[in-house]
Structure formats: structure tokens, C-alpha cells
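Heads up, the thing below is written out as C-alpha cells.
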Amino acid sequence: MRKGYGTTYLLVGPFLMAFALFYILPVLSAIYLSLFIKRRSLTGRSVDVFGGFANYARAFSDQDFLHSLSNVISFCAVVIPISIGAAIILALMLDEASGRIVKAGRTLLMLPYTIPVAIGSLLWGYLYSRNVSPIDFVIDHLHLPKVDFLAPNLLVGAIANVVIWAWTGYNLVGIYTALQGIPRDLYEAAKIDGAGRFAVIRHIKLPLVMPAVRVVLLFAVIGTSQIFGEPFILRSLGYVPENITPNLYIYWIAQRDANYSYSAALAVILAVIVFAITLLMFRRPVKKS
Amino acid sequence: MNYWPGSRAHNHHAEDEFKQPDLSKFHVEPGTINLEVWIWSSGFDKVVSLFEAAYPNIKIKVGNYGNDTYPKARTAFKAGTGAPDVLQVEYMMLPSFIATGGLRELSDLGGGSLQSYYVPWAWRQVSPDSKRVYSVPGDSGAVGLMYNKKIFDQYQIEVPKTWDDYAAVAEKLYKASNGKVKIGNFTATNGDWFSGLVWAAGGRFFDVKGDSVKQSLNGPVVEKVLTFWANLIKKGYVSTYAYMTPDFWNALGRGEVASGVEAVWGTGFYSSFLPAEKGDWRVAPLPEWEGNKPLVSGNWGGSSYAVTTQSKYPKAAALFCYWLNTSKQAISIYWETQSAFPTDKYANAIPELHKLDQKPADFYGGQDVFAEYSKISQGISPDWTWVPWWSYISDAFAKRVAALISGNATPKQVLDDWQQDSIEHAKNEGFDVSN
């Protein structure tokens, strides 16, 4: 008997409506928008004509866009191992510790995440600026050549660094919470069996925390594919190509060319790619082993 | 492609007496009028107060959105509502705005009658076909050479008159300072800056005929200019900072860069960002490619003021634009607060613009900066137009030049790729363009 469902829908209703209005509808609208292309003249209003999948075809031969997608792979290769690896190690250390260190540690490690992207990026940007940075000041005093951290070959690393700095604390919280949730009697049983500290970590903590790590990993991949704020802010301090990340490129196409339909198509493509990766990563359900 | 020939047929002389158009013949809509104006330069309130005092039935609201101004305007044009009455539009962005259909053509509102008040190159920017007037010329970006006299004196360097001189001076300075001081900065990330240099060299990127464009970003003049700078970059004689970054100002402030190819509006920035260097810098004409010829220069930036098609008071909006750029009061205030150098050809005759104890002249050791740039701007050829996809071209320049700087591409490769990229993009965007 469908008892109580009426109340459920009543309670969830407002959220669903807002969700549909501000989330679903814009996505559908963007998909619709992406099907149009522009016919232009030099001196009149441009006309939007139905172009079918023309924008999508253009995207697949758009070197700038493809380069931004390959940059996502580069970013993931740097950000994911370091930020998650560090998060796991730090979470384990916090879990082992006790007393005031724990609270202080948690707060300190979470601090970068609480700093707004714009401020964090500017902070790091100044640390990266060759003539302004205290780091380069020291390097210069050691009579070594100054490093331009915003140079093209170092830029991905420079941005990745800011991202890692900001997110490790966030990843840490997820993993630490999972660690704290491990039943204590498992440790007692292990102690009785004569397991040392590192054996406990290897055989109990790590395996039991893997589900949480998988979730954190998923969010990290989604987040890395959508990096926008850091490169956007760094543009005021040095040269950052507008296609260094897909989101920056999507934004730039809309802002510079006012080609909203092409921008929408690129956004749809990015969303599909990320969605596909999500499905791949979570084809097996997350279960506590 | 016809390049503008070396003869200086366009040279005009600065006028000796200031002339202002009779603005009373421009009648506005009846009643009280509220205009919305989108300007990104700051300090505009003084100008607005002056205007409201002269025209009490018109009230002006200023919207200042900085770098967001253009995207906001484009969105408003596309949406059909929300646009201001007047929009500040840089010359190189004008074609892209004309192509939105959002700018109101002014020839039926007397816009054409103002042509004689402006320098020819500026008029060409707002009225490319000499019939329709899409905007009112505002300030200029005449390009000259700013140099640090203190450093030049210290290393006994003469102000270079030709680019050959410049290269020789670059080498002398580099060697004498053991590589610490560079002659100048190649603004690698700014295609607009580079185009000013090409303009000054007599080059041209675009040939517009009706609705179709012939584009040539890789012609011989462009290659000559880029190769010249590529050599200096390779030898380390010039730096490659992005413009207006802390790194850039820092290098100038520390005396590591001795000069800059700068537009006249740069005088405002230099005096603001380098207060400790006050009195050390001077302004000179841009070096020439051929010696002993009349001055040539190009333009970098500068803006015009356009009336939008969404304006409910086009006559009042047009009057505001006309007043802003031809009246003595507005021109004086704008130079004083913004270092905005007018394209009005009578402006040099206004005494207030030549005060040597005020900004920016006092930064330049009391040099009559306005008069210097007046001379410089006489050498700007009117034979230059832009295209709606210029922003893409400018972005692509930065990308391609990055390869040049890292030593991975030659100037010719850079320019050919630049040309290819940009044509492909323009075609994708629906424009009629060819090589």
C-alpha cells in the first residue's frame, strides 16, 4: 500500500521544483542551444540557424579544445596521486595521533580549502611571479637562475600545485571520517593476534577505507576536469592560455566570441566525458568489504 | 594585398586654434532624459558632472564593469534588452560590435558632420566606408617610445631614431650591464601591442570589401617586424613580460628594462605604478624603419563611444558622445584624470593639456608629453581596419609567440600558423574570409 508517499512528495517537492528549474532546465536548454550555428555578416545582426550537430563536429577538430582535454589528463596525473596520497597518509597520521594535535591538525589541514579560490590563486600567483616572489628572492641570493613558475612548461604544475594545496584537506576529511568509523574492536582483535602498528594499517585500516577513497577519488576526478578559478585568476599575473582547462575555454568562447551555441556544445561534450568516467569508476557498487 | 605605401600622404598638422562644433544644433528628445553609459575607465564622475551642468535635462548613470563590460554588452544585444544607451568600445572591438547589429548608426543624427574635427585615422575607425558612422572617436592609443633617461645617461646611450639604432643600443646596454639591463620588453602576450608596431611599419592585416575580408597576418612587413624582435629575444636583449603584471612593473622599477614601446595612455599607468621613478622617464617618437623620413606611428587601443540600438533616447545619447569628445572641458578633464589622449585634431591648442607640473608631465620630468604625442600621432596612417574576430587573433598571437620564445618555432612558422588558425576560426564563426 502506498502509504506516506504523499507526504514525501510534498516535502521533497519544493526541492525537486528548484532542482528542475535551476539545474535540469538549463541543461536541456544548453543542449538545445548547442544545435544552432551562426550565419554572419560584417555589418548586421548575426543569425542563428539550425546546424544540427555541426558544433559537435567542429569540437572534434578544434585543436584548442582537444588540447584542453589532454591537459585534464596531465592535471589528473599530478593532482590525483599527490592530493589523495597525501590525504591518506595525513589521515592515517591523524588517526594514530591523539589529544590536541588531532584538532589542531584537522583545522590546519582544512584551512587551505576554506580560502576562496580567487585569494588562494592570487597568493600563489605572487609566490610564482619571478620578480615579486620570496622564493625567487632566495633562489637569486643563492646565485641560481630565477625560476619563472608561470612559464609555459611549468604552468600546469603551478596550477596543479594550487589545486592540491586547496583540496588535500577536503580529501582528508572524507578519508579521516571513514577511518574514525572503523570499529575499535577490530584493532583489539588485531593486537591480540600480535599485529604491529603498520600491519594494522596494511591489513585493517587501508582496506576498510578504500570505499571512502573511491568516493574521494571520484570527486577529485570530476573536480580536476572542471578546474577554472585558478587559471582564470592567474591570467592577471602571467600568460595563461585560454585553453589550459576545458572550463576556461568554454567560458572564453562565450565571453570572447559570444558564440553561446558552440560554448554549450563544448560543455555538453565535457559533461558526457565526465559522466562516462563516473560510470566506469562506479560500475561496481561501493560496498564495505 | 596592397600595403600602405611608404609615402606619407596622410600626414596632417596639429591645428593652432581650438575649435568646438556647435552642439546646440543637435536637438534632443523632450523632457527629462535618463541615460545609462557603460564605461570602464575610472574617474568618469567629473566628466558626468560637467555634462549634467551643461545639459540639466539629461541625467547620466554610469555603469563601470571593467573587463566584464564587453560580455555584458554582447549578452544584452543578443537578449534584446538590458543594453546601455552609450557603450565605450575600443577601435579594434568595433567591427565585432557592429556585427552584432547592436550599435546605432549615427549618420542620420548628424554624426557625419563631425568628421572634420577628428584626425583621419580615427575617423576611418568609426566610419570604415566613409558613409555610415557607427561610433564617435574618443581617445587614442598613439604608440611612442618611453625611455628611462637615468639609465640611458648612466650607460651613455642615445635615444634610438631607427630600429637599427635600437638593436645597436640593445646590444651595447646588454653588454655594458653584463646582461642585467635590457633595452625593452616584447609584450609577447598582447596581439594589440604587436599590431600597433605593424601599423607603424606600414603593414596591414585586413582588406575589407563589402562583406568579405582578405586577411594576411603573415605578409612581408609583419615578418620583418616579428623577425626583428625575435632576434632581440633570442640574444636576450629584450624581456618578454606580460603587460601590466607585477613582474613587469617590478622589472621596470628596478631598472632592469630601460624603455617601453607604449601607447599614450600608458603615461597614466607609468606614473601610477612607478612613483619611485618619477622624473626618470621621458617620451620619444617610435623608432623608424627608414631614417630621415617624417614620423610614423601606429595605434594601440584607444576607444570610441557608441550609441546602442536599444537606446530610447538616441539623440541625447549621440549628443553626449559628441560633447564628450569635442568639448574643451571634457577633453581637459579626461586627459587630467585618465591620460586619455583625444583624437580631436584641435586638442593640442588647449593650454590646460600642456601643464608641466601635473600628471603625467611631472612624471616625465616636466616634459610636454601631450605635445610629444601630438607630434607622434600625426604619423598614424588612416589605412588600417579591424575585423570582428580580432579577439581570437589576439589570443592566438599569444599562443603562437609562446612557441617562438621557447625556441620551438621560427617567425615565419609562427606567422603562417597564426594566419591559418585565425582564418579557420573566422570561417567556423560564419564569416567570409580568405587568404
Next on the checklist: Kirkwood Rh over alpha-carbon pairs of the range B:174-312, then Stokes-Einstein at 10 °C and 1.306 mPa s: what D in µm² s⁻¹, rounded to an integer?
Outcome noted: 92 µm²/s
Checklist outcome for this item: Residue ranges of DSSP H helices in chain A that stretch 20 Å or more (Cα, own long axis) and have mean Kyte-Doolittle hydropathy of at least 0.5 are A:63-96, A:152-180, A:206-224, A:260-281
Next on the checklist: How are the alpha carbon pair distances in the range A:94-208 distributed across 10 Å bins from zero to the largest one, expressed in percent?
Outcome noted: 12, 28, 24, 19, 13, 4
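Assign unit charges at the C-beta atoms only (+1 for Lys and Arg, -1 for Asp and Glu), then state the dipole size of the range A:1-139 relative to its Cα centre in Debye, rounded to the nearest 20.
That gives the range A:1-139 a dipole magnitude of about 520 debye.
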Item to check | Listed residue (A:Tyr113, A:Phe36, A:Ala97) projecting farthest to the positive dipole end of the range A:19-126, Cβ model | outcome: A:Phe36
Checklist outcome for this item: Checking A:Phe22, A:Phe275, A:Phe50 against a Gaussian network model of chain A (alpha-carbon springs below 10 Å), the top fluctuating residue turns out to be A:Phe22
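Just checking the output field for A:237-246: average partner chain Cβ neighbours within 10 Å of each residue's Cβ?
4
I'd like the FRET efficiency for A:Ser70 and B:Thr81, computed as 1/(1 + (r/R0)^6) with the beta carbon distance as r and R0 of 30 Å, rounded to 0.05.
0.15
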Checklist outcome for this item: Mean other chain Cβ within 10 Å across A:22-31 is 0
Checklist outcome for this item: Taking Rh as the Kirkwood radius computed over alpha-carbon pairs of the range B:125-184 and applying Stokes-Einstein at 37 °C with viscosity 0.692 mPa s, one gets a diffusion coefficient in µm² s⁻¹ of 228 µm²/s
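Provide the percentage of antiparallel DSSP beta bridges, counting only those with both residues in the range B:125-265; round to the nearest 5.
Antiparallel bridges make up about 75 percent of those DSSP assigns within the range B:125-265.
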Checklist outcome for this item: The orientation-averaged projected area of the Cα convex hull of the range B:149-210, in nm², is 5.7 nm²
Checklist outcome for this item: hull vol. (C-alpha, convex hull) per residue for the range A:1-150, Å³ -> 335 Å³
Item to check | chain A: relative contact order as a whole-number percent, Cα under 8 Å and 6+ apart | outcome: 27 percent
Next on the checklist: Can you compute the FRET efficiency between B:Asp362 and B:Arg254 using 1/(1 + (r/R0)^6), with r the Cβ-Cβ distance and R0 = 25 Å? Round to the nearest 0.05.
Outcome noted: 0.70
Next on the checklist: Take B:Lys355 and A:Phe275, extend 7 Å from each Cα along the Cα→Cβ direction, and tell me the distance between the two endpoints in nm.
Outcome noted: 6.3 nm
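To the nearest 0.05, how large is the calculated FRET efficiency for A:Ile115 and B:Glu17 if R₀ is 56 Å and r is the Cβ-Cβ distance?
About 0.40, to the nearest 0.05.
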Checklist entry - Counting only Cα, what are the radius of gyration and maximum Cα-Cα distance Dmax of the protein assembly as shown, in Å? => result 29.6, 102
Item to check | Listed residue pairs exceeding 31 Å between alpha carbons, taken from B:Lys78/B:Lys359; B:Lys209/B:Lys345; B:Lys19/B:Lys46 | outcome: B:Lys78/B:Lys359
Checklist entry - Amide H to amide H, which residues 5 or more places from B:Tyr118 or on other chains are under 5 Å from it, using H placed in the peptide plane? => result B:Lys345
Next on the checklist: Test of understanding: ordering A:Met210, B:Met92, A:Met281 by Cβ neighbours within 10 Å, fewest first, what list do you get?
Outcome noted: A:Met281, A:Met210, B:Met92
Item to check | Prolate/oblate/rounded call for the range B:1-141, Cα gyration tensor, a/c under 1.5 rounded | outcome: oblate
Checklist entry - Taking the Cα atoms of the range B:273-341 alone, what are Rg (to one decimal) and Dmax (as a whole number) in Å? => result 18.2, 53
Checklist entry - Taking the Cα centre of the range A:64-281 as the origin, how large is its charge dipole in debye, to the nearest 20, when only Lys and Arg (+1) and Asp and Glu (-1) carry charge on their Cβ atoms? => result 480 debye
Item to check | Sum of -39500 (n - 2.57) over DSSP H runs of 4+, divided by residues of chain A (222 nm, nearest 500) | outcome: -22000 deg cm²/dmol
Checklist outcome for this item: Given A:150-158, B:123-131, the highest-first ranking by average Cβ count within 10 Å works out to B:123-131, A:150-158
Next on the checklist: Could you check the spin-label model distance between B:Asn292 and B:Ala276? Points 7 Å from the Cα along Cα→Cβ, value in nm.
Outcome noted: 4.5 nm
Checklist entry - Once Lys and Arg get +1 and Asp and Glu get -1 on their Cβ, which of B:Gly266, A:Phe282, B:Gly111 lies farthest toward the positive end of the dipole of the protein assembly as shown? => result A:Phe282
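Would you mind getting the Kirkwood hydrodynamic radius of the range A:64-281 from its Cα pairs, rounded to one decimal in Å?
19.5 Å
Averaged over its residues, how many other protein chain Cβ atoms are within 10 Å of peptide A:150-156's Cβ atoms?
Other-chain Cβ atoms within 10 Å of each residue's Cβ, averaged: 2.
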Checklist entry - What percent does the relative contact order of chain B come to when contacts are Cα pairs within less than 8 Å and at least six residues apart? => result 29 percent
Item to check | Distance (nanometres) between label positions extended 7 Å along Cα→Cβ at A:His141 and A:Tyr5 | outcome: 7.2 nm
Next on the checklist: Below 19 Å, Cα to Cα, which aspartates and glutamates can A:Lys205 reach? Residues fewer than 8 away in the same chain don't count.
Outcome noted: A:Asp95, A:Glu96, A:Asp185, A:Glu188, A:Asp193
Checklist entry - By how many nm would the segment from B:Lys131 to B:Lys161 grow when fully extended, if each residue of separation counts as 0.36 nm and the alpha-carbon distance is taken off? => result 7.0 nm
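Readers should treat all values here as calculations from the given coordinates under stated rules, not as data from a laboratory. Just so it is clear, the model here is predicted, and its values are computed rather than measured. Note that each Cβ is placed from the backbone with ideal geometry, even for glycine, and that neighbours are counted across all protein chains shown.
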